[in-house]
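Every read-out reported here was derived from the displayed coordinates using simple, explicitly stated rules and does not represent laboratory data. Source: prediction; values computed, not measured. FYI the Cβ positions are ideal-geometry reconstructions off the backbone, even for glycines, and counts take in every protein chain you see.
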Amino acid sequence: MGLPEERRKSGGGSRAREETGAEGRGRRWSPPPEVRRSAHVPSLQRYRELHRRSVEEPREFWGNIAKEFYWKTPCPGPFLQYNFDVTKGKIFTEWMKGATTNICYNVLDRNVHEKKLGDKVAFYWEGNEPGETTKITYRELLAQVCQFSNVLRKQGIQKGDRVAIYMPMILELVVAMLACARLGALHSIVFAGFSAESLCERILDSSCSLLITTDAFYRGEKLVNLKELADESLEKCREKGFPVKCCIVVKHLGRAELGMNDSPSQTPPVKRPCPDVQGKLKEKSKCIRPQISWNEGVDLWWHELMQQAGDEFEPEWCDAEDPLFILYTSGSTGKPKGVVHTVGGYMLYVATTFKYVFDFHPEDVFWCTADIGWITGHSYVTYGPLANGATSVLFEGIPTYPDESRLWSIVDKYKVTKFYTAPTAIRMLMKFGDEPVTKHSRASLQVLGTVGEPINPEAWLWYHRVVGSQRCPIVDTFWQTETGGHMLTPLPGATPMKPGSASFPFFGVAPAILNESGEELEGEAEGYLVFKQPWPGIMRTVYGNHTRFETTYFKKFPGYYVTGDGCRRDQDGYYWITGRIDDMLNVSVREKIGPIATPDYIQNAPGLPKTRSGKIMRRVLRKIAQNDHDLGDTSTVADPSVISHLFSHRCLTTQ
C-alpha cells in the first residue's frame with residue numbers, strides 16, 4: 001500500500017533471552033534474531049526512516065496509500081486540516097475532505113470485480129459447537145450485503161440514519177454492518193453480552209431508527225435469549241418516548257428448519273438441539289422452532305426479507321469525512337461515549353495497520369478472536385482484513401468450550417497463520433498448563449498478536465514458548481476505541497521484541513510523554529502518553545456531544561491528543577504502557593504531597609471491577625466506598641463477582 005518494498009528476506013527462529021530471572025520481572029531482554037520478514041515489512045532501520053517521513057510529510061505518505069483505493073471523486077482541496085489546540089478554536093480533523101468513496105465498495109466490489117477474488121473465502125465461520133461450520137466467499141458476501149442493503153432501503157433507511165445491531169458472532173452481523181456502510185447509514189453495534197438497559201441507552205443516545213438482532217444463541221453452555229433482551233430494551237425505549245418502528249430478527253438457533261443446508265451462500269445450520277425461550281431442551285429428533293415473543297408490526301424475519309430482495313445495490317457515495325459508525329465506550333461518568341469514526345481515514349488506517357502489523361500475505365488465514373461488538377472486531381475482524389482481501393475465521397464460541405484446547409483445534413482446522421487475542425485469554429489458558437496446547441500441531445502459525453491491555457512478561461513468555469513454539473514474533477499492540485487502529489506496536493521480523501512493550505509508533509503516529517506541567521520529556525522518561533498530530537483513523541467526535549470530546553481528549557494539554565494512559569519510554573526508545581493515569585495512587589511521597597493524600601482505609605482485594613478492555617471502573621469503586629448498592633449499568637464489567645467480593649469484604653467506615 002504505497003510503501004517502498006524491500007526484497008530481502010531473512011530466516012531463523014525467534015527466542016527472547018531473559019536476563020533477570022525466570023519470572024521476567026526485570027523486563028531487560030536481549031534482542032532476538034530476526035524472523036522471516038516479507039517483502040513489504042521493512043528492516044528496523046528502514047522502518048524508522050519511513051516512520052520519520054510519515055510524520056513529517058503525512059499528506060504525501062497517506063496520499064500514496066490512498067491511491068490503492070477507489071475514489072468516486074478525488075480530494076478537491078487540502079489533504080489534511082486539523083486543530084488540536086482548544087485555545088485556538090474548535091477541535092477538528094479532516095482527511096481528504098470532499099473526496100467521495102464507499103468503504104463497502106472498496107472491501108467487496110473491488111475484491112470481486114477488479115482483484116478477481118470472488119471465489120476466495122472471506123470468512124470461515126466456526127460455531128459455538130464443534131461441527132457447526134460454514135464458509136462464505138467474497139462473491140457470496142457481496143451478494144448478501146447487496147440483498148440486505150435492499151432490505152434496509154425498503155424499511156426506509158437512508159444515508160446518515162443510525163442502525164443498532166445487537167447480535168452474536170454470526171455471518172449476518174458482518175452482512176448487516178457492511179450493508180449499513182453501503183447505504184451510508186451509521187451502524188451502532190452493541191456487544192451481545194450487554195444488558196437490555198445498555199442497548200436502550202445506546203439506541204436513545206444516537207436515535208437509532210431500526211434494530212437488528214437474533215432469536216437466541218449459545219455462549220459455551222449458556223443460552224442467551226437475545227430476542228427477549230431486545231424486546232425488553234425496545235419497551236424501555238417506548239417508555240422513554242422513543243419507539244423503534246422496526247426490529248429485524250435472524251433465526252439463528254432455528255435456522256436448520258429453514259432448509260438452508262445445501263447452499264453455501266446461506267448462513268450455517270445449527271446441529272445442536274433447539275431450546276425454547278425457557279431454556280428447556282427439546283428432543284433431538286423433534287427440534288422445533290424456538291418459541292420467541294413476536295411483536296406484530298415491529299418484528300420482521302431476516303430470512304423472509306432476504307428472499308424478497310435483489311442482489312444488486314449501487315453504493316451510496318460518501319464524503320471521506322462522512323461518519324461510518326458509532327461505537328460506545330465506557331465513560332468515567334457512567335454514561336458511555338459514542339465514538340464516531342469516518343469513512344475515508346478509518347479505511348486507510350485499518351487497511352494499512354492490518355497489512356504491516358500482521359505481515360499479511362494473500363495465502364494467510366487470519367484469526368482475531370475479538371467480538372465485533374468491540375473496536376478490535378470492527379477493525380481487525382471486518383474492515384481491515386476485508387480491505388486486504390484476506391481470509392479470516394469468525395468464531396462464535398469461547399476459548400474453554402467444549403474444552404480448553406478449542407482455540408488450538410481451530411488453528412489446526414483452518415491452518416491459521418496469524419492469530420490475535422487478548423492477554424486475559426492467554427492468562428486464563430495458562431492455568432490449564434501446556435498440554436491442551438501442545439497436543440495440537442499449530443505448525444501453521446507465523447505471527448501472534450495481543451490486544452486490549454499490556455501483557456505481563458510471564459504470559460508473554462508462555463505465549464511465545466508454548467503457543468508459538470519459540471518461532472513466532474509477537475506483536476503487542478497498543479491502541480484504543482478512539483484511535484481506530486494500532487498506535488504503538490512491533491512489526492514482525494523488524495522490531496526486536498521486549499515482552500510487555502508496545503515498542504514503537506506506527507506510521508504517521510507522533511507520540512510524546514508529558515509531565516504534569518505539560519512539558520515534553522526527552523529520552524528515558526515516564527508520564528502522560530499523548531499524540532502530537534492526527535493520524536487518519538482518529539475519532540472525529542463524541543456523537544451528539546462535541547464538547548465532551550474536546551474536554552476528554554484535548555483540554556488537559558492543549559495541542560495534544562491525551563490518551564489517558566501513563567507511559568514509560570526506555571533507553572532504547574521502546575514504549576511501555578503503565579496503566580490509566582487516573583487509576584494510579586501515589587503511595588511513597590507523603591512528605592512531598594502532604595498528609596491530606598493519605599488513604600483513610602486500605603482494603604485488600606483479589607481484583608478490581610474492570611471493563612473487558614482492562615479499564616478500572618472508578619465510578620463503581622466510588623459506590624462501593626460509599627456502600628451504595630445502586631451501581632447503575634454494570635454490563636460492561638468483565639467479572640461481576642469482583643463487585644460482590646468488594647462489597648462483602650468492605651472496610652467498616654463511618655459515613
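Counted residue by residue at 0.36 nm each, then reduced by the alpha carbon distance between them, the extension gain from Glu363 to Glu197 reaches 55.5 nm. Taking amide hydrogens as placed 1.01 Å from N in the peptide plane, the amide H of Asp161 sits under 5 Å from those of Leu186, each at least 5 positions away in sequence or on another chain.
Bridging of Lys97 to aspartates and glutamates at a Cα separation below 13 Å is possible for Asp319, Glu321, Asp322, once same-chain residues fewer than 8 apart are set aside. In this structure, Glu550 and Glu60 have a Cβ-Cβ separation that, at R0 = 25 Å, corresponds to a calculated FRET efficiency of about 0.30. Could you compute the FRET efficiency for Asp403 and Gln45, with r as their C-beta to C-beta distance and R0 at 56 Å, rounded to 0.05? With a Förster radius of 56 Å, E is 0.80. Here the 3J(HN,Hα) profile of the range 514-527, calculated from phi with Karplus coefficients 6.51, -1.76 and 1.60 at θ = phi - 60°, is 10, 8, 4, 8, x, 8, 6, 9, 9, x, 5, 6, 9, x Hz, Gly and Pro shown as x. Among the chymotrypsin sites (Phe, Trp or Tyr not before Pro) in the range 130-194, none is located in a DSSP loop while being surrounded by at most 12 other Cβ atoms within 10 Å of its own Cβ. The H on the amide N of Trp125, modeled in the peptide plane, is under 5 Å from the matching H of Thr134, Lys135, Ile136, Leu394, each at least 5 residues off or on a different chain. Distance between the modelled labels on His645 and Val589, one decimal in nanometres: 3.2 nm (7 Å Cα→Cβ projection).
Subtracting the Cα-Cα distance of Tyr70 and Glu257 from 0.36 nm times their residue separation leaves 63.2 nm of extension gain. In whole Å, how far is the Cα centre of the range 36-92 from that of the range 192-253? If we compute the Cα centre of each part, the gap is 39 Å.
With θ taken as phi - 60° and the Karplus curve 6.51 cos²θ - 1.76 cosθ + 1.60 applied, the whole-hertz 3J(HN,Hα) list for the range 62-74 is 6, x, 5, 5, 4, 5, 7, 10, 8, 10, 5, 9, x Hz, x standing for glycine and proline.
FRET efficiency for Gln155 and Leu204, Cβ-Cβ distance as r, R0 = 22 Å, nearest 0.05? With R0 = 22 Å, the Cβ-Cβ based efficiency is 0.65.
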